[in-house]
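Worksheet for the structure shown next.
The values are calculated or read from the model by the stated rules, or taken from the named source; none is laboratory data. On a predicted model such as this, the values are computed, not experimentally measured, just so you know. As a convention, Cβ positions derive from the backbone with ideal geometry for all residues, glycine included, and neighbour counts pool all protein chains shown. We work out accessible area using only protein heavy atoms, side chains counted, and drop any ligands, DNA or RNA first. Shrake-Rupley method; radii C 1.70, N 1.55, O 1.52, S 1.80 Å.
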Amino acid sequence: QVQLVESGGGLVQPGGSLRLSCAASGIVFSTYAMGWYRQAPGKQRELVARTTSGYSTNYADSVKGRFTISRDNAKNTVYLQMNSLKPEDTAVYYCNALKIGRDYWGQGTQVTVSS
């Protein structure tokens with residue numbers, strides 16, 4: 001079956017960095033657009049960053065210049081490098097795999113930015 005397993009979340013001080021990883025299994029990883037979404041308490045889930053099967057990327061305006069999404073098709077893994085973290089980045093971060101007719105989600109990993 002399809003599994004998306006996120007890791008790398010945690011508690012970090014403002015201005016710090018974290019790298020999230022999402023390891024996928026059960027899919028032909030290279031054919032999927034891979035995305036990171038986040039959901040803060042009381043807010044809707046929002047797209048943070050996405051990388052397509054052709055390696056193009058797009059970012060939410062709030063994270064441009066601070067976050068970088070990348071993928072390693074050989075390892076079936078997508079990453080989110082998060083720098084200059086702010087308290088407003090605090091949320092549960094979810095990995096998503098998307099193609100026509102297929103939409104899969106991970107269980108989420110908590111990121112807390114606080115001093």
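Can you tell me which condition Asn96 does not meet? The list is (1) open to solvent by less than 60 Å² (accessible area, probe 1.4 Å); (2) modelled with pLDDT under 95, and all the others hold.
The one condition Asn96 does not meet is (2).
Out of the residues in region 49-82 meeting the condition of being of a type outside the set (S, T, N, Q), more than 23 Å from Val113 (Cβ to Cβ) and not in a strand (DSSP E or B), tell me which one is least open to solvent (accessible area, probe 1.4 Å). Write out each step before concluding.
So the first thing to find is which residues in region 49-82 are of a type outside the set (S, T, N, Q), and the list is 49-50, 54-55, 59-61, 63-67, 69, 71-72, 74-75, 78-80, 82.
Restricting the remaining residues to those that are more than 23 Å from Val113 (Cβ to Cβ) gives 54-55, 71-72, 74-75.
After this cut, where a residue has to be not in a strand (DSSP E or B) as well, the list is 54-55, 74-75.
Values: Gly54: 60, Tyr55: 127, Ala74: 98, Lys75: 133 Å².
Here the residue is Gly54.
Being among the polar types (S, T, N, Q) and touching a Gly at 6+ places or on another chain (Cβ under 6 Å) narrows it down to one of Asn76, Asn96, so name that one. Quick ask: steps written out before the conclusion?
Details: Asn76 fails: touching a Gly at 6+ places or on another chain (Cβ under 6 Å).
Unique residue meeting the criteria: Asn96.
Failed condition for Leu85, given (1) outside any strand (DSSP E or B); (2) surrounded by fewer than 16 Cβ atoms within 10 Å (Cβ to Cβ), with all others met?
(2)
Identify the single condition in (1) under 21 Å from Gly26 (Cα atoms); (2) assigned to a loop (DSSP other than H, G, I, E, B); (3) of a type outside the set (Asp, Glu) that Ser115 does not satisfy, given that it satisfies every other one.
(1)
Go through region 69-88 and give me each residue that's under 18 Å from Gly106 (Cβ atoms) and in contact (Cβ under 8 Å) with a residue 24 or more places away in the chain.
Selection gives Ile69, Arg71, Asn73, Lys75, Asn76, Thr77, Val78, Tyr79, Leu80, Gln81, Met82.
I want to confirm something. Restricting to region 99-112 and keeping residues that are in contact (Cβ under 8 Å) with a residue 12 or more places away in the chain and assigned to a strand (DSSP E or B), which single residue is most open to solvent (accessible area, probe 1.4 Å)?
Arg102
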